[in-house]
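Down below is the structure, laid out as C-alpha cells.
Every number here is computed from the coordinates shown, using simple stated rules; none is lab data. For clarity, every value in this text was computed on a predicted model and none was experimentally measured. Because the Cβ atoms are built from the backbone with ideal geometry, glycine has one as well, and the counts that use them run over all protein chains shown.
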Amino acid sequence: MAERVRVDTLSADWQELLAAATAARAAAYVPYSRFAVGAAVRTGDGRIFSGANIENAAYGLTACAERVAIWKAVSEGHQDLAALALVTETGSSPCGSCRQVMGEFARELPVLIADTAGNAWLTSLAELLPLSFSAQDLDDAR
Ligand SMILES: [Zn+2]
C-alpha cells in the first residue's frame, strides 16, 4: 500500500528527485490533453535524468514522462535505476506501459508519486506491477 507523505517531510534525495521531475513537467508538450507530467529517475551512481510527456497529433505516438526519463538514462549508458519520481496536478499513477518499462531495468524500483499541492505517495514497482512479465519468463521458456 502506498504510504502518503507530505513533500516537505521527504528525504533530501527524494526532494531533489521530485524537484527535477517538477522542473521537467514545465517542458511537457501537451496541446491535446493539457495533462502535464514530469518524471525524474536517479541512477545507481547518483545521476538524475528527467523527462516530460510529449504528445503527438497521431495520439498513439505520445510518449509518457516516465519513459522519456528512463530512455534518456539508458541511452546515455545508465541502466541501473535506483529511484523514480513523477508529478502530475492530481498525483496520478504511472500507466501500465511505463510500469513495464521500469521493470525492465529495476524490479524493485522505489517510486514517488506527487501532486502539485504538496502531497506524495511512496510506493514501489513491486507494488505497482506484481506478477509482471520479464526476461526471466523468456529464460524459463528456453
Ligand atoms: Zn506511461
Exercise for review: Residues in the stretch 17-53, backbone N under 17 Å from the label point at T90 (7 Å along the Cα-to-beta-carbon vector): list them, ranges by number please.
Suggested key: 32-38
Study note, to complete from the structure: Quick calc: nm separation of the 7 Å Cα→Cβ label points for D45 and A141 -> 3.4 nm
Exercise for review: Please go through the stretch 1-79 and write out the trypsin sites (Lys or Arg not before Pro) that DSSP classes as loop and that have at most 16 other C-beta atoms within 10 Å.
Suggested key: R34, R47
Study note, to complete from the structure: A chain fully extended from S134 to R34 at 0.36 nm per residue, minus the present Cα-Cα distance, gains in nm 32.7 nm
Exercise for review: Taking the Cβ of each residue in L138, L86 as the centre, tally the other Cβ atoms inside 10 Å and list the residues starting with the fewest.
Suggested key: L138, L86
Revision key, fill the gap. Which residues qualify? For S124, with a placed amide H closer than 5 Å and at least 5 residues away or on another chain, they are V111
Point to revise | Value of Rg to Rh for the chain (Rh from inverse mean 1/r over Cα pairs, i.e. Kirkwood) | key: 0.97
Revision key, fill the gap. Expressed as a whole-number percentage, the relative contact order of the chain with C-alpha contacts under 8 angstrom and at least six residues apart is 24 percent
Revision key, fill the gap. With the 8 Å Cα cutoff and a minimum separation of six or more residues, the stretch 18-93 has a relative contact order in percent of 35 percent
Check your understanding: Which value, in debye to the nearest 20, describes the size of the charge dipole of the stretch 3-140 about its Cα centre when Lys and Arg Cβ atoms bear +1, Asp and Glu Cβ atoms bear -1, and nothing else is charged?
Key -> 460 debye
Study note, to complete from the structure: Within the stretch 18-56, DSSP-loop chymotrypsin sites (Phe, Trp or Tyr not before Pro) with at most 14 other C-beta atoms within 10 Å are Y32, F35
